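Read the structure below first, then the notes.
The values are calculated or read from the model by the stated rules, or taken from the named source; none is laboratory data. What you see is a predicted model, and the numbers here were worked out from it, not measured in a lab. Don't worry about glycine lacking a Cβ; one is built from the backbone with ideal geometry, like all the others, and counts go over all protein chains shown. Heads up: the accessible areas ignore ligands, DNA and RNA and are worked out on the full protein's heavy atoms, side chains in. Shrake-Rupley method; radii C 1.70, N 1.55, O 1.52, S 1.80 Å.
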Amino acid sequence: MSDLGPVAWPPEPIATERLVLREPAARDRATFIDLLASPEVHTYLGGPREREELELEMPRAPERWPGSFVVELDGAMIGQILLRRATDDRRPAAAGKVDLGFLFLPEAWGNGYAAEACAAALDWFDGALPGEPVVLTTQSANVGSMRLAEKLGFTEVERFEAWGAEQWLGQRPAAAPAG
Ligand SMILES: CC(C)(COP(=O)(O)OP(=O)(O)OC[C@H]1O[C@@H](n2cnc3c(N)ncnc32)[C@H](O)[C@@H]1OP(=O)(O)O)[C@@H](O)C(=O)NCCC(=O)NCCS
């Protein structure tokens, strides 16, 4: 995975009806560790990381890079959205395209927050890099992720076996140019 390309970063915090999307900050460190150490969050992502290891390794201020959004509810982080260019992707259909990823704390699931936040991130993306499609890969067994992909307008490109499970690769068409 590598750079998004020439985008202005960071954007002003993006407010949705209930949430705010912004750059990661030092105050998010504990929640990043909760996300990465959660077995529930990593059921379809190859398993969680060791909490002790994360406590030692995670920098004081979480890494910042264009396309990495923290999602905040009432002033506290509930999830992360990642838009990254998949240069090293093993699927030719995804190579070079921007890939959407999302991780939310289990206590935040089931409220439509992920859908609301991802729609805002994709709107930002359409403004920042107009005319670019976005891809998304998830295990097809990850029902929550599959439903979210559908709600966001991703349609199936292909299914393939990798990392010991069936994967679903979807694509969201490029937004029509403004005007
Ligand atoms: C994938 C993931 C982000 C989905 O989270 P989620 O909360 O289920 O997703 P949504 O924001 O779309 O919310 C969906 C549910 O909220 C419900 N909901 C409740 N109130 C709502 C509201 N006001 N507006 C919209 N939906 C609402 C919806 O009915 C919906 O349930 P349904 O899909 O059964 O109909 C979450 O499961 C997760 O973080 N998983 C672990 C990480 C992961 O696997 N990431 C994928 C990597 S590719």
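General observations
- Here region 36-179 carries DSSP beta bridges of which approximately 95% are antiparallel, counting only pairs with both residues inside.
- For region 80-179, the solvent-accessible area works out to 47 Å² per residue, with a probe of 1.4 Å and every protein chain left in place.
- Computed over protein heavy atoms with a 1.4 angstrom probe, the accessible surface ordering of ASP28, ASP123, largest first, is ASP123, ASP28.
- Contour minus Cα-Cα distance for SER140 and ALA165 (0.36 nm per residue): 8.2 nm
- Amide H contacts of LYS97 (H built 1.01 Å from N, under 5 Å, at least 5 apart or other chain): ALA86
- Working from Cα pairs under 8 Å separated by at least six residues, relative contact order for the chain is 20 percent.
- For the pair GLU132 and LYS151 in one chain, pulling the backbone fully straight at 0.36 nm per residue adds 5.0 nm over the alpha carbon distance.
- Cα-projected label distance for ALA95 with ALA61, points at 7 Å along beta-carbon direction, nm: 3.7 nm
- Carbon and sulfur %, accessible surface of the chain computed with the full protein complex present, 1.4 Å: 52 percent
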